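Structure, as structure tokens:
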Amino acid sequence: MSTAADERNARAPWALTAPALVLFVGVLMIPLAMTVMLSFHDWGQYKGIEPVFILKNWHEIATDPYYAEMFWRTFRIAILTTLLTALLGAPEAYILNRMDGRWKSIFLLVILGPLLISVVARTLGWALLFGGNNGLVNKLLMSAGVIRSPIPFMFTETGMVIALAHVMMPFMVLSVWAALQRLDPQIENAAMSLGAGPITTIRRIIMPQIMPGVLSGAIIVFSLSASAFATPAIIGGRRLKVAATLAYDEFLNTLNWPLGAAVATLLLVALVLIVVGSNALIERRYAEVFR
């Protein structure tokens, strides 16, 4: 009897996880496998997609400088967005952590509130504020005589970085704020009582404690920024393409699905390698913090 009960107990976890596993395989793994297989197919303007195994799409990506420039732009924008969110989000999380309970709840709602609004709506807000001569801020500054020409924002990498940083800021703040929950406030008071100044306290006490949160938030922000579509499509338009917008154009505009699949697959593989490698380095460097 005990053997039969043990067998049932051993099968129970698999029976409970089977629906989620089937959903995971059907919704994620099978489409990914089909996308990878599609990247090795051929395509012609008149013949359409040919289900043959060919490396033409990968060879085109590897040899054409346009794709190298596009991927470099994608990761450059993601890196700059990550740095900007870290520079602004870490102090914001520290200030949030030092607030009283009532004010902390209010400002935490202010930080999380933008996540309830569509990314498209938030990005269009930047376009309405700085969109050429018709942008609200540009109109006000030019009418006041502060500037003579509109601030270049649309169709620029700077505009994409600013808009992406605004979209990704909550993820960085939450990551750093979670790390600050492990920090005992009395440690700061002890350091100051021993003669440490504010800068020394931040550099020697606070930064080593919150650095895992900053790095974890950096991984999240980088991966989301590198794969973002709505913000680069609205701010960058067709002039400044990144990997996501290029894959979209190949799929829906030129109808070259195999080439779009190759771009999407390469972006996915690059992000997985970067995220897994960065996560391993963080866990190895800050093993004591994660215990």
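The values are calculated or read from the model by the stated rules, or taken from the named source; none is laboratory data. Source: prediction; values computed, not measured. Ideal geometry is used to build each Cβ from the backbone, glycine not excepted, and the neighbour counts take in all protein chains shown. Side chains are part of the model used for accessible areas, which takes the heavy atoms of the whole protein and leaves out ligands, DNA and RNA. Shrake-Rupley method; radii C 1.70, N 1.55, O 1.52, S 1.80 Å.
Tabulated results
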| read-out | value |
| --- | --- |
| Relative contact order computed over the stretch 120-212 (Cα-Cα under 8 Å; 6+ residues apart), in percent | 18 percent |
| At R0 = 35 Å, FRET efficiency that the Cβ-Cβ distance of Arg102 and Asn279 yields, to 0.05 | 0.45 |
| Translational diffusion coefficient (Stokes-Einstein; Kirkwood radius from C-alpha pairs) of the stretch 166-248 at 20 °C, 1.002 mPa s, in µm²/s | 142 µm²/s |
| Estimated [θ] at 222 nm from DSSP helical runs (n ≥ 4, -39500 (n - 2.57)) normalised by residues in the chain, nearest 500 | -23000 deg cm²/dmol |
| FRET E, pair Leu136, Thr254, Förster distance 41 Å, beta-carbon r, rounded to 0.05 | 0.70 |
| Whole-number accessible area per residue in Å² for the chain, which is evaluated in the context of all protein chains at 1.4 Å | 60 Å² |
| Label selected from (i) 20.3; (ii) 25.1; (iii) 28.1, the criterion being mean projected area of the Cα convex hull in nm² as computed here | (ii) |
| Calculated FRET efficiency for the pair Gln45/Phe155, C-beta based, R₀ 35 Å, to 0.05 | 0.75 |
| Amide H within-cut-off set for Asp42, under 5 Å, with H built and near neighbours excluded | Glu50, Val52 |
| Relative contact order (%) - criterion: Cα under 8 Å, at least six apart; region: the stretch 51-187 | 32 percent |
| Percent accessible area from carbon and sulfur atoms, the chain, protein chains only, probe 1.4 Å | 70 percent |
| For the chain, with +1 on Lys and Arg beta carbons and -1 on Asp and Glu, the positive-most of Ala261, Pro51, Thr74 along the dipole | Thr74 |
| Charge dipole magnitude, Cβ of K and R +1, D and E -1 - the chain, Cα centre, debye nearest 20 | 680 debye |
| Rel. contact order, % - alpha carbon contacts under 8 angstrom, at least six apart, the chain | 25 percent |
| Contour minus Cα-Cα distance for Ile95 and Arg203 (0.36 nm per residue) | 37.3 nm |
